Each structure stands twice: as structure tokens, then as C-alpha cells.
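The values are calculated or read from the model by the stated rules, or taken from the named source; none is laboratory data. None of the values given here were measured: they were computed from a predicted structure. Cβ placement follows ideal geometry from the backbone for every residue including glycine, while neighbour counts extend to all protein chains displayed.
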Amino acid sequence: MSTFIQLHLLTSYPPSNLNRDDLGRPKTAIMGGKTRLRVSSQSLKRAWRTSEIFTKAMKGHVGTRTKAMGVDVYEALKVKGVAEGNAKNWAKQIAEVFGKAKKANAAKPLEELEIEQLAHFSPEEKTSIFALVDKLAASNTAPTADDLKLLQKDHTAADIAMFGRMLASSPAFNTEAAVQVAHAVTVHDVAVEDDYFTAVDDLNNDEDDLGAAHIGETEFGAGLFYLYVCIDRDLLQDNLGDKTLANKALTALLESSAKVSPTGKQNSFASRARTSYLLAEKGSDQPRSLSVAFLKPVRGEDILAQSIKELERRRENFDKVYGPCADGFKTMNAETGMGSLGDILTFVTE
């Protein structure tokens, strides 16, 4: 059976709007009959995989998620001297290997080189694509069916290996995600608040107009968030085909999840935070979240300390009724200064 790494993180964010809904308000969820702030797993995963921590650690092993690869191919062909018509036709053929192309649009002549759905390109596939660009430019001939065999099942893209890839038109090249990320929710109930703000025109001399140049309103909330992450370490290694690279990806993911904040409204709120408490578990038993520890909202003056107690109590009680749910665990507690991120990184990769 697979070895699972389970991460439980408690992170406190000051007033912020990290992840907005369609109305621009902080996302929420009803849990235990109470409204909680929520940060979606999509928002978290993007923040982690595009962070400096992750991209630097995994340099050369990060994919590119885009609809517009065909446009890049077209521009590369043009730079190499390929005629306009050929460049467009060949770029479209290459793009369609990864998804259905958009319909032609006279107002946006390059839109037909984009595909309808985002595709995640591995570094190996990008290398093959631009090697084909060089070949087509040198021969000035259209790509053959063999040339267009650009999809690769085996790759070293850590983000694809962790978060998966789905290609509806070519399911044989899908990648099953080795990492599952829950939506982060506050351990306590919240009320989303409104911030009324104004902007002053620096050149207004107050002679003709004493009013503000702009009036606006934005919503925000603050809270202590619980986040659960489940990693199938064996599947991650299978996806990447290399144990050393898998451990490197694990390290980058864990460090990013503890240090990197979602990017929403950061210029307005500077709501950057690091995880205050991290529990890492390792074992082959069926994984389980500990979110039920916060089904009843945590209240009081010391919410962090109380939340840590509730989380540890729930883990211990699960072990009592089910037997050990993990072979071992490590904790890092910034509230008490016990444990360290380095200890946890060693624990999950050994």
C-alpha cells in the first residue's frame, strides 16, 4: 500500500482578501452551521507552484500551464523566417496536439492558435515542441504525423506530478495527482467586513473641489485557517520516475505551503503569514483530515493555542478508536518554539 504524508497546518492571516468570489468578496463556506472564511485549493496550489521558493528549488522541473502555446510557436517560426501562412498553419497543428483550437476570429487573428482549455506542458514537451520548430524552419516543410507525436507520458514536471494533468482529447497522457489539497477554512466563525476608502488627487488645490478623487469599497476578513494536504509519496515517485527528484519536490511543496501566502489583494493588505503550527504524519493507513476538530467553532482569547489543543486531541482520539492512523508524526509549533521546519522536512523525505 502507498505511503501517505499528511500535513495539517494552522496559519493566521490578518485582515485580508486572499481569495475572492465572483463579487470580489472573500470566499466563505458554511461549516458546523457557521460561516467561515475559505481559501480555495486552486488558489493555494497556484501560489505555491509559482512561488520563488518552488520555482527556484525545482528549476528545470516545472511545467507551463497555458492556452497560448500555439502563439509562442507561431512567433518562433516567424522569427526563424517561416512565411506567415505556413507559420500559422504549422503552429495550429502543433497546438491541436494538446487540445481543440479556438475558432477563427477576424478581430483577433491569432486567437485560432490558442486551444479552448488550459493544458499543462511538461519541460520535456516544450523542448520537443521547439526542437520541431527548428526542424520546420530549417526544412521549410509541414510537420508530419510522426513530428506531431509531442505528448509524453513520462516527464519530470514536479507540479504536474503533484497536482495532475487532464487532457480530454488524449486521456492516455493524463497524470493522476499525487497531492490532494483541501480548501483552507477558519477554525472559528467570521463576519466579512467592509472597508470604505477614498483616494485624494495630489494636484487638487482645494479651491474648486474639496472632495475625494475616488471612493471605493472592498471586503475583507481575518482568521486562523486550518489546511489539510495529503500526499501519496509512492505515486509522486512513480509520476516523476526518480526518488531523489520526488523528495526534492516534497521539500519544495512543504516549504511553500508553510511560507507562501495566496497573492490576492496583497498590495492592499500585506497579509503575508507563515504557518504557526504544522503537524506532519507518515504511514500507510487510510488518510483522514482532522477538520472535524473545528466543526464546533473555536472561541476565546487564545484561539491559536486552543486550536492546537483541539487538533492534537482529535488526532489522539482517532488513534484510540481506530488504532494508529500513522506510523509516526512530527510537529512544529511557532507558538512555543518547539520543533522546526527542518525536522519535518527530514521526517517526510527519509
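Among Lys248, Lys265, Lys282, Lys296, which is the only one that is closer than 21 Å to Pro15 by Cβ and not β-branched (Val, Ile, Thr)?
Unique residue meeting the criteria: Lys265.
What is the one condition in (1) at pLDDT below 95; (2) in a loop (DSSP other than H, G, I, E, B); (3) surrounded by fewer than 20 Cβ atoms within 10 Å (Cβ to Cβ) that Glu112 does not satisfy?
So Glu112 meets the others, but not (2).
How many residues does the stretch 130-172 hold that are among the hydrophobic types (A, V, I, L, M, F, W, C) and under 25 Å from the mean Cα position of the chain (by Cα)?
Our first condition is that a residue be among the hydrophobic types (A, V, I, L, M, F, W, C); within the stretch 130-172, this holds for 130-133, 136-138, 142, 145, 148, 150-151, 157-158, 160-163, 166-168, 172.
Next cut, under 25 Å from the mean Cα position of the chain (by Cα) only: 151, 157-158, 160-163, 166-168, 172.
Selection size over the stretch 130-172: 11.
Taking the criterion of being farther than 13 Å from Met69 by Cβ and among the aromatic types (Phe, Trp, Tyr), would at least one residue in the stretch 94-106 satisfy it?
no
Tell me, which strands (runs of 3 or more DSSP E) lie completely within the stretch 164-264 with 2 or more residues that are of a type outside the set (Lys, Arg) and under 21 Å from Phe347 (Cα atoms)? Break it down into steps so the answer makes sense when it comes.
On the way: elements: 179-181, 184-186, 193-199, 214-232.
Fully inside the stretch 164-264 and qualifying: 179-181, 214-232.
Could you say whether any residue in the stretch 329-337 is touching a residue at least 24 places away in the same chain (Cβ under 8 Å), over 27 Å from Leu37 (Cα atoms) and in the same structural domain as Val185 (by TED's automatic domain parsing)? So that I can check it myself, show each step before the final result.
Here is the first cut: in the stretch 329-337, the residues touching a residue at least 24 places away in the same chain (Cβ under 8 Å) are 329-335.
Subset that is over 27 Å from Leu37 (Cα atoms): 329-330.
In the following step, the residues that additionally are in the same structural domain as Val185 (by TED's automatic domain parsing) were identified as 329-330.
Yes: the stretch 329-337 contains one or more residues that are touching a residue at least 24 places away in the same chain (Cβ under 8 Å), over 27 Å from Leu37 (Cα atoms) and in the same structural domain as Val185 (by TED's automatic domain parsing).
Identify, from the list Asp189, Asp154, the residue that is more than 30 Å from Thr66 (Cα to Cα) and not small (Gly, Ala, Ser).
None of the other options fit; the residue is Asp189.
List the strands (runs of 3 or more DSSP E) that sit entirely inside the stretch 2-68 and contain at least 1 residues that are crowded, with 18+ Cβ neighbours inside 10 Å and in contact with a helix residue (DSSP H, G or I) (Cβ under 6 Å, 6 or more places away or on another chain). If you could, list the steps in order and put the result at the bottom.
Values: elements: 4-16, 28-31, 34-39, 64-66.
Ranges flagged: 4-16.
Pick out the one residue from Lys100, Lys92, Lys153, Lys149 that is exposed (fewer than 13 other Cβ atoms within 10 Å of the Cβ) and farther than 30 Å from Lys243 by Cβ.
Lys100
If I ask for residues that are within 23 Å of Thr50 (Cβ to Cβ) and either assigned to a loop (DSSP other than H, G, I, E, B) or in contact (Cβ under 8 Å) with a residue 12 or more places away in the chain (or both), which ones from the stretch 122-138 would you list?
Ser122, Pro123, Glu124, Glu125, Lys126, Ile129, Phe130
Would the stretch 270-281 turn up any residue that is in contact (Cβ under 8 Å) with a residue 60 or more places away in the chain and within 30 Å of Thr198 (Cα to Cα)?
Yes, the conditions are met somewhere in the stretch 270-281.
Only one of Ala119, Ala191, Ala161, Ala182 is touching a residue at least 60 places away in the same chain (Cβ under 8 Å) and crowded, with 22+ Cβ neighbours inside 10 Å; which?
Ala161
Tell me, which residue of the stretch 267-307 that is in a loop (DSSP other than H, G, I, E, B) and acidic (Asp, Glu) is nearest to Tyr322 (Cα to Cα)?
Only one residue tops the list, namely Asp285.
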